[in-house]
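This structure is in structure tokens; I'll ask about it shortly.
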Amino acid sequence: MVVSYHSQSPKFGSAIIPESYRLTTTSENPHNVAEIAVPGPFAGPLSYRIMPGQQPLQGGRCLVPLRSREVLGIVTGTRPSNAGDSDALKAIIRVIDASPLLSPDVLQLARWVSRYYLYDIYPAFMLALPALLRVGDHAQLKDEPLLVLTIAGQHLDPDKLKGSRQRDALAALQSMQHNGQRCKASELRARGIERAHWKSLEQKRLLKQEAASLNPNTPQGQLRQPSLDLNDDQSAALKALPTEGFAVQLLEGVTGSGKTEVYLQAMSRTLALGKRVLVLVPEIGLTPQTLARFEQRFQDQLVTLHSGLTDKHRNNAWLRAQGGEAGIILGTRSAVLTPIPDLGLIVVDEEHDASYKQQDTLRYHARDLAIYRARLLNIPVILGSATPSLESLHNAYEGRYQHRQLQQRAQGQQRARLETIDMRKQQQQHGVSERLLHRIRQHLDGDNQVLLFLNRRGYAPSWFCHQCGWMSDCPFCDARLTYHRGRHQMLCHHCGHQERPANQCPDCGSSDLTPLGAGTERAEEALSTWFPTTPIIRFDRDSVANTRDLEHQLARAHADGPAILVGTQMLAKGHHFNRVTLVGIIDMDAGLFSADFRARERMGQLLVQVSGRSGRGERAGEVVLQTFHPDHPFFTPLLEQDYPAFAAQLLAERQRSGLPPFGFLACLRSDSAYPQRAEQLLKEMAQRLLAEPGIRVFGPLPALLSRRAGKHRFTLLVQSDQRSRLHTALQPLVAGYPRQQRHLSWHLDIDPIDLM
Ligand code: ADP
Ligand code: ZN
Ligand code: ZN
């Protein structure tokens, strides 16, 4: 295909548009057909005719006809028409963007996502766009307009004006403009100047309003705060990371070993070269603390992209990233597809975290996309974790990734001691053993904080009849209902079903019913009766629904004096609690016997992560694990805080069974109100897959959660020693079976991480 370049660049704000975007027409070689990705079950773009005067741009949006509808499409390329084109090729209705939205690397990344995860092309492009641009809004900052003085306004002596308010307004604007500040109405209001006052300046043509526009600039890497002197491990890691060229560095170090400091200094090098940085963090890892740490270091603009933003804010942040205004883009999973000019480094923090994998529709893994993108752009990527995924460790052991370890805690603190409490020999109340209770008291008396981890929210995991053993089940799922005392409701954590707790047993009529087991809500209640004067601070999805709640609870945790923090895995992630000296793990036994082969990896990671919360300040920490299986071999390396030995044990197991990272896996899941139909579909697929070379299948079996929201669920695991064989075998299924039929749906999950 011959592509010629336009001499004039299309303008979008003042953003600079790289040469490679500009595909267009010449008279000898007219590009009169555009390839456009449209919604629907299409693996690639469709062809549309370009009408005279239209200038569709690669990576821009168009309005096009599709069947009887008008839809938004993304232009993936243009070309001259050829003999293969149908005469009935439909025409583009309207070109929306005068400059491209998606950069060539993002287009390529999205195409790869669609191919690799065997999913439609359009949703892959949509992942890269903020919601407002997906529905066709103009690619413009949705910010207050700027107030700009006209030439007359700049030179008029304010004293010549009559009203004192107008005088003040003009003087304020003149001094701001003189200092190069861009002024908005809200800033004037903060100085006591109301709309009416500057409006009269506008009427006198001393002032005009201008739409907010982007301010693209080249990153400088100027620091606000000096960087720290790196210790030996840290500087070795930084030195080993190239500033240019593709390389993956797995940076392994316990919490507090100084990984973030290495990221910051690597970022500073990249910014100083005039290139930008993308930092990915897990879903709930993006706390005000994290953000503040990045903002305090650099002068270059930082934007955040995460699900907690309003559509408007996300739109603005995205445009600042895409338009080259921000130097640092900090975001969760989907930020990996943000177009960023001159991207020079990607950091994936807590690379093992499950929230990097999208668990519905297009089931991509952001860490894997980050690596693919880095390879496309020929830039380095850092994967940081205290507990790397087995996949990344394997890649490091095989020499595909650099492996750097930070052995010491950056500030020289002691590692926490870890011990088990044998629950078979303990009295317990509300899930807390006598021994643990005693320890909690000791630590609180020493003016310390205590952290209690419990991987179950709500009050109690069940409602139980003492006479006949009946337990409350969800009518729609194969799961127990959880009792939430605060709202006196039984809640299903899988489908959201709610009901009042029964007063009488539906089986035997007894009224001897009580909650069974303990959740965070119950632990909080019990603790507040045992320690009535100590603040109890809860962290779970019920008590922390948004960033504001999180900020509030974190602020309480950082206040002086003893306190107990109690919560779910939300507590395990990245937060720094300098005054915690005791971590109590109330129950982690469930992962020992799960049928999900990843459950153990997750449980070990969680144990190490939670333990890492202890002793981060000057005081040494202790970690206490309650378990009914203190002798389980699984715990041995973890008690010695030896994550690499633990990982080696799991890797050996995976190798024996050909599971990832030694073999490649996909999971087919079906669900239907009629169990036979769901099972039959997967049986048929299993037959077809078995006819392919090098493919093994397991199942179909009922899913671990075999019924959810009234639907019966089946799974079929597909395994191969070669990734390409897996793809070749699965492709015809994707093409041959619609994902949704009446009373039956199915989906494919490539590299599944959750087998529930
Ligand atoms: P991680 O990201 O591995 O949890 P951090 O980078 O947050 O570790 O470091 C933990 C603490 O140690 C932070 O308070 C940080 O400021 C401090 N720190 C990190 N590196 C150094 C260093 N080289 N010298 C002194 N303090 C450091
Ligand atoms: Zn009963
Ligand atoms: Zn349910």
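Take the conditions at pLDDT below 90 and either closer than 25 Å to V608 by Cα or more than 9 Å from ligand 1 (Cβ to nearest atom) (or both) and apply them to S235. Does it pass?
So S235 fails the test.
In this structure, does K312 turn out to be more than 16 Å from ligand 2 (Cβ to nearest atom), among the basic types (K, R), within 21 Å of the chain's Cα centre (by Cα) and buried (at least 24 other Cβ atoms within 10 Å of the Cβ)?
When the stated conditions are applied, K312 does not pass them.
What pairs can you find where one residue is in segment 648-659 and touching a residue at least 40 places away in the same chain (Cβ under 8 Å), the other is in a helix (DSSP H, G or I) and surrounded by 18 or more Cβ atoms within 10 Å (Cβ to Cβ), and their Cβ atoms are less than 8 Å apart, with a gap of 6+ or different chains?
L650/L390; L650/R600; L650/E601; L650/G604; L651/L390; L651/L393; L651/H394; R654/L390
Within segment 239-251, which residues are in contact with a Lys or Arg (Cβ under 8 Å, 6 or more places away or on another chain) and at pLDDT below 95?
Correct list: T243 only.
Going through Q426, Q405 one at a time, which residue ends up being surrounded by fewer than 19 Cβ atoms within 10 Å (Cβ to Cβ) and within 16 Å of ligand 1 (Cβ to nearest atom)?
Only one candidate qualifies: Q405.
Please go through segment 509-562 and pick out each residue that is within 16 Å of ligand 2 (Cβ to nearest atom) and not aliphatic (A, V, I, L, M).
If the condition is that a residue be within 16 Å of ligand 2 (Cβ to nearest atom) and not aliphatic (A, V, I, L, M), then G509, S510, S511, D512, T514, P515 are the ones that fit.
OK, next. Going residue by residue through segment 180-203, is there one that turns out to be under 43 Å from the mean Cα position of the chain (by Cα), touching a residue at least 60 places away in the same chain (Cβ under 8 Å) and surrounded by 11 or more Cβ atoms within 10 Å (Cβ to Cβ)?
Within segment 180-203, none of the residues are under 43 Å from the mean Cα position of the chain (by Cα), touching a residue at least 60 places away in the same chain (Cβ under 8 Å) and surrounded by 11 or more Cβ atoms within 10 Å (Cβ to Cβ).
I'd like the full set of residues that are outside any loop (DSSP other than H, G, I, E, B) and more than 16 Å from ligand 3 (Cβ to nearest atom), limited to segment 454-507.
Selection gives L454, A460, F464, C465.
In contact with a Lys or Arg (Cβ under 9 Å, 6 or more places away or on another chain) and small (G, A, S), is that true of G258?
So G258 fits the description; yes.
Test of understanding: among L383, L377, which residue is among the hydrophobic types (A, V, I, L, M, F, W, C) and more than 16 Å from ligand 1 (Cβ to nearest atom)?
Sole residue among the options that is among the hydrophobic types (A, V, I, L, M, F, W, C) and more than 16 Å from ligand 1 (Cβ to nearest atom): L377.
Just need a number here: residues in segment 467-504 that are crowded, with 17+ Cβ neighbours inside 10 Å, among the polar types (S, T, N, Q) and within 16 Å of ligand 2 (Cβ to nearest atom).
1
Results for (1) more than 16 Å from I328 (Cα to Cα); (2) away from ligand 2 (no atom under 16 Å from the Cβ); (3) in contact (Cβ under 8 Å) with a residue 40 or more places away in the chain, shown as yes or no for each residue.
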position	(1), (2), (3)
L230	yes, yes, no
V248	yes, yes, yes
T255	yes, yes, yes
T260	no, yes, yes
Y263	no, yes, yes
A266	no, yes, yes
V279	no, yes, yes
P282	yes, yes, yes
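Right, another one. Applying the selection to segment 119-169, what residues are of a type in the set (V, I, T) and either surrounded by fewer than 14 Cβ atoms within 10 Å (Cβ to Cβ) or out of contact with any helix residue (DSSP H, G or I) (no Cβ under 7 Å at 6 or more places or on another chain) (or both)?
Of everything in segment 119-169, those that are of a type in the set (V, I, T) and either surrounded by fewer than 14 Cβ atoms within 10 Å (Cβ to Cβ) or out of contact with any helix residue (DSSP H, G or I) (no Cβ under 7 Å at 6 or more places or on another chain) (or both) turn out to be V135, V148, T150, I151.
The values are calculated or read from the model by the stated rules, or taken from the named source; none is laboratory data. Source: prediction; values computed, not measured. Cβ coordinates were reconstructed from backbone atoms using ideal geometry, including for glycine residues, and neighbour counts include every protein chain displayed.
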